[in-house]
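The values are calculated or read from the model by the stated rules, or taken from the named source; none is laboratory data. Given the structure is predicted, the values throughout are model-derived calculations rather than measurements. In this analysis, Cβ positions are derived from the backbone assuming ideal geometry, glycine residues included, and neighbour counts consider all displayed protein chains.
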Amino acid sequence: MGRKKIKGKPNFTLFDENNGNTPPPEQPLASRHVRFNASSSNGTHSNGKLGGQSGMHKSPSTNTLNRLDRDSYVLWKRPFWTVFYCVCEIVCLVRDFLKSLLHLQRLIPCIAIVSGLVYLYLSPGQHKEIMHRFEKPVLWSLYWMWLGVLSSIGLGTGLHTFVLYLGPHIAHVTLAAFECNSIDFPEPPYPTEITCPTNKPLIATAAISLWDIVSKVRLESLMWGVGTAFGELPPYFMARAARISGQEIDDEEYQEYRAYVDGINPTNEMGIFTKWKIRMEKFMEEVIKKIGFPGILLFASVPNPFFDLAGITCGHFLIPFWTFFGATVIGKAVVKMHFQMLCVVLAFSEHHIEDLVNRLKFLPHIGEYVQAPLKEFLRAQKIRLHRRPEDPVPDQANSMVGMLMNSIVICMVMVFLLWKRTDTFTLQIFYQQILQIKMKRSGFYNKSSKILEFHHPAEMSQIIDLGIPEKPMNLSQLLKCCEEVLRLGVKTGHPRFFNQISCGLDLVSMAGEWLTATCNTNMFTYEISPVFILMEKEIIRRMIQLIGWPTGEGDAIFSPGGALANLYAMNAARHHHFPRVKPLGMTSVPTLCTFTSEDSHYSIKSAAAALGIGTDNCFIIATDKIGRMIPEALEQKIIKCKSEGLYPFFVCATAGTTVYGAWDPLPQISEICQRHKVWMHVDAAWGGGLLLSPEHRHKLVGIERAQSVTWNPHKLMGALLQCSACFIRHEGLLFQTNQQSADYLFNKTSLMIALMTLETRLCSVEGTTTFLNWNARLSQTSESTHAINTVLHTEDKNTEGYEMVIEQPEYLNVCFWYVPPSLRQLDPKERLPD
């Protein structure tokens, strides 16, 4: 068993629209060799705990999902993987079994005894006659014992081999005994075929007693009963191991029962059958707990569909193995099996079956049609009993009863193979239904649907139940809940949703979200997230190239939103000016101050507050009439702050303001920052997407002179929320500012270096959505949005009643006032607010 091997190098090169390079095709992947962990077959993980690496109890909902996923691996759904995993599991079980045998002290004597028996069986001599005398009964016993095991475990289908095999065998022997007036059937062909003895005269039917027939079929019946007792051992060992390890039993029905016993799930929420079933199980548990062996014997001796719980109960209360197994064997193989034998023998003894067939004629309408084929079937069976070995076998191909019996057997076997749990939804169907609901409720294809079905909070709490239930939901209930969430939520994928700058729902980016959710990993080390780390690295490299920084300069980190990206930038600027602030805090530095325009994002003041600089030390710079920062006002404020003893260290210029879409004059601001040795940050959260547009990227001239940049692909580029990045020109500064020790993740000599930041990131949701969206859209989003913006601005400007705030917008923001007809005759200063 080898480790996974992958040949070739994955392609993470983004398409460069400017030079026309197309991404090279993906390299082929070599065949993958899977290494199976034997411990997974019994639920034990590497830390020695059952049920999970953390040792915590699994929730019933998790157990349900895992169980439904396992149930999907059946021959009629996934034939290849079912056989594949079956073979692999058998290999692992055999390996574990052989390992466990090596630790047994009695292994060598057992091997010696078995080897001696095999030698005696194969070697010639007078002992061969004795060996052959025992061979047939042993094989016959093992055959029925195996059928008993299958009947007990049933593989979850209720496949009962008593109905299919043992019951018909006993009935056949009973009919033959009374027909032949003897139980000394010739061997061979018995037990393969039953024929009457030819060397004995017929005697009176009374000479054959019920006890004679029971004695004839006692061996196979006892062995079948012992097999059913063996089939009850898995629940016992499962519960015993769970109790010893301190874990919960991974059985949904048992957890439902415990919820009732503990008072979590009241009976008034159950059906009549469920109430009766759980009360019966509770009574059985109490009896076994109080009296032990007699209680187990009692419940094993009667037909009991809930005996699985008896095994779980005995294992949970650590009842000794031989107490449980001994009582089960006696109850099932001796008491219960004799009762079942007698029932079949009585039903088919003497002429009971013939009398029953004769009475069928009294059934109205169908009696004669049913009676005729049954009589023919019994007549054919009697003919077969008196057949001599040299006589031809009678043809039963046209026997209606024979065909009916064969059909019943075939149907039961097919149910056994194709059976699935009664749960309505498997995981696969659940996920498919979720996808259909998402497409239906997203608003993509139904322009006439509402963007939001608004309800007051008090009313909403009545429409949808958001409480945490005491009992876990099943998948159908979860599916209904998911549909209600999407139905009552805002449909951001609707063509008429324009509430936010980051409007829309990109399906390609959504695929990236699905990928990262499926992987569900962190980005701490290359070992745990190799593909996503390389993918993010390539995206960062390409975005730094678009910003215009020289090769070898620049570092970046994706963050959940532009506000945190601005915080990263301000923190890096402070660390750049005063590295000692990280260990010593703000008491080690002078009074710092920052500068931003009056139309900038509120997150700059929030960052100043979070870093201990203070909002009063975040100075607002005036803007011109179209929302751009005035450079002269900035420099005057910097000089004034210096004269007052403050230390200017950070200036935020905005590339695309939130309201007006204004562009601060980056070249002039960079000159001022360079003169006064102040860190220049460009908040291009809204406008950074124009760097992909050859036609419009000139609006960001000067961004290459910044020390840090915020860029939100979830805005103009159309990636899903939240997808933001903070770029720092000084390579290594981002790491120095935020790095903390994490020895438990990697050692100092390892190449698996992690960037421990203020957040603990999941695998790169932002990087993956950006990667897919970028490769699918390139600059098309920017160009098409500008074209729509031009049409919108022209229509608004030429429509009566619309007053433009900015006659010629610099960006995609179209700002206007709508003036009602009753106010249009007023002076502009009176009809428009300040």
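The set of residues in the stretch 206-229 being within 53 Å of the chain's Cα centre (by Cα) and over 14 Å from Cys343 (Cα atoms) consists of Leu219, Glu220, Leu222, Met223, Trp224, Gly225, Val226, Gly227, Thr228, Ala229.
When you scan the stretch 309-319, do you find a residue that is closer than 20 Å to Val226 by Cβ, at pLDDT below 75 and surrounded by 17 or more Cβ atoms within 10 Å (Cβ to Cβ), even just one? Taking every residue of the stretch 309-319 in turn, at least one turns out to be closer than 20 Å to Val226 by Cβ, at pLDDT below 75 and surrounded by 17 or more Cβ atoms within 10 Å (Cβ to Cβ). Of the strands (runs of 3 or more DSSP E) contained entirely in the stretch 643-747, those carrying at least 1 residues that are among the acidic types (Asp, Glu) fall at 679-684.
The number of residues in the stretch 625-638 being without any contact (Cβ under 8 Å) to a residue 24 or more places away in the chain and of a type in the set (Val, Ile, Thr) comes to 1. Is one or more of the residues making up the stretch 90-109 more than 30 Å from Glu193 (Cα to Cα) and more than 51 Å from the chain's Cα centre (by Cα)? Looking through the stretch 90-109, none of the residues is more than 30 Å from Glu193 (Cα to Cα) and more than 51 Å from the chain's Cα centre (by Cα). Close contacts from the stretch 195-218, counting a first residue that is over 13 Å from Asp184 (Cα atoms) and of a type in the set (D, E, K, R) and a second that is part of a helix (DSSP H, G or I) and at pLDDT 70 or above, with Cβ to Cβ under 9 Å and a gap of 6+ residues or different chains, come to Arg218/Met337; Arg218/His338; Arg218/Met341. Counting only helices (runs of 4 or more DSSP H) wholly contained in the stretch 80-190, the ones carrying 2 or more residues that are in contact (Cβ under 8 Å) with a residue 12 or more places away in the chain, farther than 30 Å from Val329 by Cα and not polar (S, T, N, Q) occupy 167-180. In the stretch 501-520 there is no residue that is outside the structural domain of Val814 (by TED's automatic domain parsing), charged (D, E, K, R) and modelled with pLDDT of 80 or more.
The helices (runs of 4 or more DSSP H) found entirely in the stretch 544-638 that carry 3 or more residues being surrounded by 16 or more Cβ atoms within 10 Å (Cβ to Cβ) and either assigned by TED's automatic domain parsing to the domain that holds Val709 or touching a Phe, Trp or Tyr at 6+ places or on another chain (Cβ under 7 Å) (or both) are 562-577, 603-610. Find all pairs meeting these conditions: Cβ atoms under 6 angstrom apart; at least six residues apart or on different chains; first residue within the stretch 281-294 and at negative phi and assigned by TED's automatic domain parsing to the domain that holds Phe325; second residue part of a helix (DSSP H, G or I) and surrounded by fewer than 17 Cβ atoms within 10 Å (Cβ to Cβ). Between residues of the stretch 281-294 that are at negative phi and assigned by TED's automatic domain parsing to the domain that holds Phe325 and residues that are part of a helix (DSSP H, G or I) and surrounded by fewer than 17 Cβ atoms within 10 Å (Cβ to Cβ), the close pairs are Phe293/Thr323. Of the helices (runs of 4 or more DSSP H) lying entirely inside the stretch 425-528, those carrying at least 1 residues that are within 24 Å of the chain's Cα centre (by Cα) and under 21 Å from Leu721 (Cβ atoms) are 427-441, 475-488, 507-519. Only one of these is buried (at least 23 other Cβ atoms within 10 Å of the Cβ), more than 20 Å from Ser603 (Cβ to Cβ) and modelled with pLDDT under 80: Ser764, Ser784, Ser741. Name it. One residue alone meets the criteria, Ser764.
Please verify whether Val329 is modelled with pLDDT of 70 or more and over 23 Å from Ile244 (Cα atoms), treating the condition exactly as stated. Against the criterion (modelled with pLDDT of 70 or more and over 23 Å from Ile244 (Cα atoms)), Val329 qualifies. Is it the case, given these coordinates, that Ser151 is loosely packed, with under 13 Cβ neighbours inside 10 Å and small (Gly, Ala, Ser)? No: the conditions fail for Ser151. Across the stretch 88-112, the number of residues qualifying as surrounded by fewer than 10 Cβ atoms within 10 Å (Cβ to Cβ) and of a type in the set (Val, Ile, Thr) comes to 1.
Could you grab the pairs with beta carbons closer than 8 Å, sequence gap of 6+ or different chains, first residue in the stretch 640-658 and in contact (Cβ under 8 Å) with a residue 40 or more places away in the chain, second one part of a strand (DSSP E or B) and of a type in the set (D, E, K, R)? From the stretch 640-658, the pairs are Cys652/Asp683; Ala653/Asp683; Thr654/Asp683; Ala655/Asp683.
Can you work out which of the residues in the stretch 803-827 that are under 20 Å from Gly627 (Cβ atoms) and more than 53 Å from the chain's Cα centre (by Cα) is surrounded by the fewest Cβ atoms within 10 Å (Cβ to Cβ)? Top of the filtered list is Glu807.
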